[in-house]
Amino acid sequence: MTEPIISARGLTKTFWRRSQRKGMLGAMRGLVDRGGTEVTAVDDVSFDIPAGEIVGYIGPNGAGKSTTIKMLTGILVPSSGEVSVAGHTPWEERRQLAQKIGVVFGQRTQLWWDLPLSESLELLRFMYKVPERRFKHNLAEATDLLDLAPFLETPVRQLSLGQRMRGDLAAALLHEPPILYLDEPTIGLDLVAKTRIREFLAELNRSSGVTILLTTHDLADIERLCKRIVVIDHGRIVHDGELERLKARFSSKRQLTLDFDVVPDLASAVLPTGTALFDQEGPRVRIAFDRHERSAPEVLSLMGRFGTIRDMSIDEPAIEDVIQELYAESARATA
Amino acid sequence: MRLYLELARRAFQQTLTYRGAALAGIFTNGIFGIMIASVFLAFYQSHGSGDAVQGWTRDQTITLVWINQSLLMTVYLWGWWEVTRNIQSGAIVTELLKPYDYFTYWLSRDFGRALAHFLVRGVPTFLIGAIVFDILAPESWLRAASFLLSVAMAVIVSFCLRFMANLAGFWVLDYRGIAAMFAAIMNVLSGMLAPLAFLPDPLRIVANALPFRAVIMTPNEVYLGQVPIWEGLGFQMLWIVILIVSARLLMATGERRLVVQGG
Amino acid sequence: MGNIADIRSDIGIALRIAALRLRGQMQYRSSFLMQIFGNFIVNFAEIIVLWSLFQNFEDLGGWTLEEVIFLHGLSMVMFSLGDTVANGVQTVPELIRDGNFDRTLVRPMSSYIQAMVNEVSLRHFGLLGQGLLLLGIGMATVSTEWTVAKLLYMTVVIVSGLALFAALFTIEAILSFWTVNSIEAVNAFTYGGSDLGQYPLHIFRQGMRFLFLWVIPVGFMTYYPSLYFLDKPDPLGLPAFAPFVAPVAAVIFCFVVGKGWTFAIRHYRSTGS
């Protein structure tokens, strides 16, 4: 493993949530004393990301995803812990760090609403001090890959969400940052637009080796782009590793689909222990079983007594189910 | 009628919820009150303090300064532009289809709002003035009660003026210029900056006849005994009638324009 | 806030942004002129009232109408310039509320200067024009001798006042990092400060004088320099150099407000999860 380009150690952020006071007197008291409760949004989070990796950072709403990203970009100052991004402490060296990161917040644009996309990009060129030739080259490349040409001269407020997102991506990459943070980059987009963004990101990572940290609710983003995922819940990391390993860990429940010769009568039958009938549609039967109790061939042979099996398949667990189960487990752990 | 009372009650409660803003506003009104009162005190000092100037004694003018600061929010002197925004966003088309009278709808809401502002902004500001400066009390309970009635009528006059200024949105694209001019006219002709009696002659006579006087000056005159009660309230009543009729006519013209243009 | 070279380059970019956005606004010329005109009218009305008062009273704390007009002009010029420069800074509460302040922190440019050009408008030029007009009338009519030294110092004073008012608007922005409801109170110091600066300071009571001299040094920007410009004695008995502390007071005030801004940024709690 190479030297990590992003590293977080014991990252913690607590907020002070002030309680609302009632009445005129309460408003006056609210000005002086600070009643309220402390909320820990991010709790002792540590991870390393080597250069060139794409990491999915996922978790339920309010789990602390955005708060983490905001600390990694220097927007928020952590309550405790250490962060190093491309050799900088984000909130101490914002200006230097800004040159090395690109940031896209899916729900907000960093373009100027009242200006055409091309002028927004031009302004960012000055801000990031991109040499004219590099700018022209990068703009041409982005225009090509993201198909910006049709709306380059349109004021940003008139762009569709998908167009705006492409514009935002181009804007975030003009200065060729080695790191790209994406917060919900596909939110609200239609399927075609989503696919286009995913393909672009995969290509970017492959050809330029850009390190990408992305948060998303759309697990298709994860499956297409990320080998590694970090899952956060209630401010704590509950999983950090390869997506496949996560699946393996939670894939004790499997499904076996069997096509019988004739319609078997399973309603009254006693199924082998460790298996359960999931559903049945005529001759097609789906059996759920626990991998640790029975192996697939075992289930197959045991089911053979209900009739001749013509075909079979084993279903991998869907990523949604895996993540669901992970959250459920972390909820049980905290309870 | 039930609907309009309910609207007023809601607007009243809604206005009461912004407590932090109310405190900040009282502070601001207080600072401005102290400043303006000090300026008038200095002017009166140049004159030999006891004498009245244009029929206004020093203490009467100081009292006016504080009544003005207290009424500022109650009568929304510098305007409110919700109707204009509704016109320009096109929302007015659906609002006009609703089963209530558009003018009365906003008047009820404004009245509820005004009552809340009178209580949470007006009364505290006036108390600050009474503590820091020598303020005159009304001569009699009758005057005090008439003052409250006069304030209520001032709210209606002010609402009609504001409503008509809002309707300009039917004809003018950008209301900010209108808003600035509206505030300027209100400042001078209502008596907000100084008693109208201090204005030079042709302007004073005109200002005394215009409805702007009914928004700020008349409540002051009723409170301080500058005019007989019936005269002050009568002046306001007269303008209320004229303005309600004009506002409705203007509204009808605006609506016709809307129909012609197809919204 | 970064070093000098950074600040210079930031200002260059800010001017570019401002120019681009103004060009867009010029497309709505009539509305633009209307705003400037409206702005002019508002304060013109106040001058009519001031003039009327001088018709009824002899003087204001020993100052003539011409002298007070000069003071009005001086204060209005400073205020309108400060207001124009801090135009975007006044949108910081909105930027924070809508979550758009975040983006200023991930760019290689001072977040303050980015905020300054978040909104660009020349609507305050109506007030500036009127301030200059009053200043001119005041200068032409007061019975004082204008020297090169006085004119040069007036430029310094105007720049200092500009900085003071811009800093006052910045306080409003700083407070909005914690509270949204109460920032209206700062109006008492911005608009209130500008109004107070239009009158001779000695007519106000002890408490107000203290507030607007030692806490918010408006008095050192308008009243005291005017004592020097108009060759008037100081009834408040400060040392003889008091008319000349304007730039120092502005620098100290801006320094403190700058520290406040840095503190606010460190304690910024971005909205959303």
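Among the residues of the range A:81-93, is any open to solvent by 40 Å² or more (accessible area, probe 1.4 Å) and either modelled with pLDDT under 90 or of a type in the set (Val, Ile, Thr) (or both)?
Yes: one or more hits.
I'm checking my understanding of the structure. Among residues of the range C:179-214 that are outside any helix (DSSP H, G or I) and touching a residue at least 12 places away in the same chain (Cβ under 8 Å), which one is nearest to the other protein chains (Cβ to nearest Cβ)? Explain how you work it out, then say what you get.
Of all residues in the range C:179-214, those outside any helix (DSSP H, G or I) come to C:179-181, C:197-200, C:204-205.
After this cut, where a residue has to be touching a residue at least 12 places away in the same chain (Cβ under 8 Å) as well, the list is C:180, C:197-200.
Details: C:VAL180: 8, C:GLY197: 11, C:GLN198: 9, C:TYR199: 6, C:PRO200: 8 Å.
Taking the candidates together, the pick is C:TYR199.
From the list B:ALA184, B:ALA207, pick out the single residue that is assigned to a helix (DSSP H, G or I), in contact with a Lys or Arg (Cβ under 7 Å, 6 or more places away or on another chain) and either surrounded by fewer than 19 Cβ atoms within 10 Å (Cβ to Cβ) or not β-branched (Val, Ile, Thr) (or both). Let's see the steps before the verdict.
Working: B:ALA184 fails: in contact with a Lys or Arg (Cβ under 7 Å, 6 or more places away or on another chain).
Of B:ALA184, B:ALA207, the one residue that is assigned to a helix (DSSP H, G or I), in contact with a Lys or Arg (Cβ under 7 Å, 6 or more places away or on another chain) and either surrounded by fewer than 19 Cβ atoms within 10 Å (Cβ to Cβ) or not β-branched (Val, Ile, Thr) (or both) is B:ALA207.
So the check is Cβ under 6 Å with 6+ separation or different chains; which pairs have a first residue in the range A:128-150 that's without any contact (Cβ under 8 Å) to a residue 12 or more places away in the chain and a second one that's open to solvent by less than 60 Å² (accessible area, probe 1.4 Å)?
From the range A:128-150, the pairs are A:ALA149/A:THR143.
Considering only residues that are open to solvent by 70 Å² or more (accessible area, probe 1.4 Å) and not charged (D, E, K, R), which ones fall in the range A:288-333?
Answer for the range A:288-333, where residues must be open to solvent by 70 Å² or more (accessible area, probe 1.4 Å) and not charged (D, E, K, R): A:HIS292, A:PRO297, A:SER301, A:THR308, A:MET312, A:ILE314, A:GLN324, A:ALA333.
Enumerate the helices (runs of 4 or more DSSP H) found wholly within the range B:65-172, keeping only those where 3 or more residues are surrounded by 18 or more Cβ atoms within 10 Å (Cβ to Cβ). So that I can check it myself, show each step before the final result.
Details: elements: B:82-89, B:92-97, B:102-117, B:123-132, B:141-167.
Hits in the range B:65-172: B:82-89, B:102-117, B:123-132, B:141-167.
Identify all residues within the range A:108-137 that are open to solvent by 60 Å² or more (accessible area, probe 1.4 Å) and either out of contact with any Gly (no Cβ under 9 Å at 6 or more places or on another chain) or more than 8 Å from chain C (Cβ to nearest Cβ) (or both); write none if there are none.
Matches in the range A:108-137: A:TRP113, A:GLU122, A:LYS129, A:PRO131, A:GLU132, A:ARG133, A:ARG134, A:LYS136, A:HIS137.
Going by the conditions given, is C:PHE32 surrounded by fewer than 19 Cβ atoms within 10 Å (Cβ to Cβ) and either out of contact with any strand residue (DSSP E or B) (no Cβ under 7 Å at 6 or more places or on another chain) or at the interface with chain B (Cβ under 7 Å from one of its Cβ atoms) (or both)? Break it down stepwise before answering.
Details: surrounded by fewer than 19 Cβ atoms within 10 Å (Cβ to Cβ): no; either out of contact with any strand residue (DSSP E or B) (no Cβ under 7 Å at 6 or more places or on another chain) or at the interface with chain B (Cβ under 7 Å from one of its Cβ atoms) (or both): yes.
For C:PHE32, the condition - surrounded by fewer than 19 Cβ atoms within 10 Å (Cβ to Cβ) and either out of contact with any strand residue (DSSP E or B) (no Cβ under 7 Å at 6 or more places or on another chain) or at the interface with chain B (Cβ under 7 Å from one of its Cβ atoms) (or both) - is not met.
With the checklist (1) facing chain C (nearest Cβ under 8 Å); (2) modelled with pLDDT of 90 or more; (3) open to solvent by less than 50 Å² (accessible area, probe 1.4 Å) in hand, flag the one item A:GLN96 doesn't pass.
Of (1) facing chain C (nearest Cβ under 8 Å); (2) modelled with pLDDT of 90 or more; (3) open to solvent by less than 50 Å² (accessible area, probe 1.4 Å), only one is false for A:GLN96: (3).
Check whether at least one residue in the range C:119-135 is within 14 Å of chain A (Cβ to nearest Cβ), assigned to a helix (DSSP H, G or I), aliphatic (A, V, I, L, M) and under 30 Å from A:VAL104 (Cβ atoms), and report yes or no.
To start, the set of residues in the range C:119-135 that are within 14 Å of chain A (Cβ to nearest Cβ) comprises C:119-121.
Of the ones still in play, those that are also assigned to a helix (DSSP H, G or I) are none.
Checked the range C:119-135: no residue is within 14 Å of chain A (Cβ to nearest Cβ), assigned to a helix (DSSP H, G or I), aliphatic (A, V, I, L, M) and under 30 Å from A:VAL104 (Cβ atoms).
Scan the range A:53-79 residue by residue and report those that are more than 7 Å from chain C (Cβ to nearest Cβ) and either over 22 Å from the mean Cα position of the chain (by Cα) or assigned to a loop (DSSP other than H, G, I, E, B) (or both).
Scanning the range A:53-79 gives A:GLU53, A:GLY59, A:PRO60, A:ALA63, A:GLY64, A:PRO78, A:SER79.
Filter the range C:45-71 down to the residues that are more than 17 Å from C:GLY197 (Cα to Cα), open to solvent by 30 Å² or more (accessible area, probe 1.4 Å) and more than 7 Å from chain B (Cβ to nearest Cβ) and list them by number.
Within the range C:45-71, just C:TRP51 meets the criteria.
When the range B:188-202 is examined, which residues are found to be assigned to a helix (DSSP H, G or I), touching a helix residue (DSSP H, G or I) at 6+ places or on another chain (Cβ under 8 Å) and open to solvent by 10 Å² or more (accessible area, probe 1.4 Å)? Walk me through how you get there before you give the answer.
Applying the first criterion (assigned to a helix (DSSP H, G or I)) to the range B:188-202 yields B:188-189, B:196-198, B:201-202.
Now restrict to residues that are touching a helix residue (DSSP H, G or I) at 6+ places or on another chain (Cβ under 8 Å): B:188-189, B:196-198.
Within the range B:188-202, B:VAL188, B:LEU189, B:ALA197 meet the criteria.
Does B:ASP134 satisfy the condition of being within 14 Å of chain C (Cβ to nearest Cβ) and among the charged types (D, E, K, R)? Break it down stepwise before answering.
Working: within 14 Å of chain C (Cβ to nearest Cβ): yes; among the charged types (D, E, K, R): yes.
Here the answer is yes, as B:ASP134 does meet what is asked.
Looking for something more than 18 Å from the chain's Cα centre (by Cα) and surrounded by fewer than 19 Cβ atoms within 10 Å (Cβ to Cβ) - is there at least one such residue anywhere in the range C:78-95? Explain how you work it out, then say what you get.
Of all residues in the range C:78-95, those more than 18 Å from the chain's Cα centre (by Cα) come to C:93-95.
Next, only the ones that are surrounded by fewer than 19 Cβ atoms within 10 Å (Cβ to Cβ) stay: C:93-94.
Within the range C:78-95, one or more residues are more than 18 Å from the chain's Cα centre (by Cα) and surrounded by fewer than 19 Cβ atoms within 10 Å (Cβ to Cβ).
Since A:ASP147 meets every condition but one in (1) over 30 Å from A:LEU191 (Cα atoms); (2) open to solvent by 20 Å² or more (accessible area, probe 1.4 Å); (3) more than 9 Å from chain C (Cβ to nearest Cβ), which condition does it not meet?
So A:ASP147 meets the others, but not (1).
Among the residues of the range C:217-228, are any open to solvent by less than 10 Å² (accessible area, probe 1.4 Å), over 12 Å from the mean Cα position of the chain (by Cα) and within 14 Å of another protein chain (Cβ to nearest Cβ)?
Yes; the residues of the range C:217-228 include at least one that is open to solvent by less than 10 Å² (accessible area, probe 1.4 Å), over 12 Å from the mean Cα position of the chain (by Cα) and within 14 Å of another protein chain (Cβ to nearest Cβ).
Tell me, which helices (runs of 4 or more DSSP H) lie completely within the range C:215-273 with 2 or more residues that are closer than 21 Å to C:TYR191 by Cβ and of a type in the set (Gly, Ala, Ser)? Let's see the steps before the verdict.
Working: elements: C:218-221, C:223-229, C:246-266.
It comes to C:246-266.
Would you mention how many residues in the range B:30-63 are more than 8 Å from every other protein chain (Cβ to nearest Cβ), part of a helix (DSSP H, G or I) and either in contact with a Cys (Cβ under 7 Å, 6 or more places away or on another chain) or open to solvent by 10 Å² or more (accessible area, probe 1.4 Å) (or both)?
Selection size over the range B:30-63: 4.
Scanning for something free of Cβ contacts under 8 Å to residues at least 24 places away in the same chain, buried (at least 23 other Cβ atoms within 10 Å of the Cβ) and either within 26 Å of C:LEU151 (Cα to Cα) or in contact with a His (Cβ under 8 Å, 6 or more places away or on another chain) (or both), does the range C:168-175 turn up at least one residue?
Taking the range C:168-175 first, the residues free of Cβ contacts under 8 Å to residues at least 24 places away in the same chain are C:175.
Checking the rest, the ones that are also buried (at least 23 other Cβ atoms within 10 Å of the Cβ) come to none.
The answer is no, given that none of the residues of the range C:168-175 is free of Cβ contacts under 8 Å to residues at least 24 places away in the same chain, buried (at least 23 other Cβ atoms within 10 Å of the Cβ) and either within 26 Å of C:LEU151 (Cα to Cα) or in contact with a His (Cβ under 8 Å, 6 or more places away or on another chain) (or both).
Kindly check whether there is at least one residue in the range B:9-28 that is within 13 Å of chain C (Cβ to nearest Cβ), open to solvent by 20 Å² or more (accessible area, probe 1.4 Å) and among the basic types (Lys, Arg).
Yes, the conditions are met somewhere in the range B:9-28.
Would you point out the residue of the range A:80-137, among those that are among the basic types (Lys, Arg) and not in a helix (DSSP H, G or I), that is farthest from C:ILE265 (Cα to Cα)?
First, pick out the residues of the range A:80-137 that are among the basic types (Lys, Arg): A:94-95, A:100, A:108, A:125, A:129, A:133-134, A:136.
Cutting the leftovers down to not in a helix (DSSP H, G or I) gives us A:100, A:108, A:129.
On the way: A:LYS100: 21, A:ARG108: 20, A:LYS129: 24 Å.
Ranking the candidates gives A:LYS129 first.
Collect the residues in the range C:138-155 that are under 21 Å from the mean Cα position of the chain (by Cα) and open to solvent by 60 Å² or more (accessible area, probe 1.4 Å), keeping them in residue-number order.
C:LEU151, C:LEU152, C:THR155
Can you tell me which residues in the range B:213-263 are surrounded by fewer than 18 Cβ atoms within 10 Å (Cβ to Cβ) and outside any helix (DSSP H, G or I)?
If the condition is that a residue be surrounded by fewer than 18 Cβ atoms within 10 Å (Cβ to Cβ) and outside any helix (DSSP H, G or I), then B:GLY225, B:VAL227, B:PRO228, B:GLY262, B:GLY263 are the ones that fit.
Looking at C:SER182, C:SER194, can you tell me which residue is over 30 Å from C:LEU227 (Cα atoms), crowded, with 21+ Cβ neighbours inside 10 Å, at pLDDT below 95 and in contact with a helix residue (DSSP H, G or I) (Cβ under 7 Å, 6 or more places away or on another chain)? So that I can check it myself, show each step before the final result.
Numbers: C:SER194 fails: over 30 Å from C:LEU227 (Cα atoms).
After ruling out the rest, the residue left standing is C:SER182.
The values are calculated or read from the model by the stated rules, or taken from the named source; none is laboratory data. The shown structure was predicted, so the numbers you read here are calculated from the model rather than taken from an experiment. All Cβ positions, even for glycine, are placed from backbone atoms using ideal geometry, and neighbour counts span all protein chains on display. Ligands, DNA and RNA are excluded from the accessible area calculation, which covers all protein heavy atoms including side chains. Shrake-Rupley method; radii C 1.70, N 1.55, O 1.52, S 1.80 Å.
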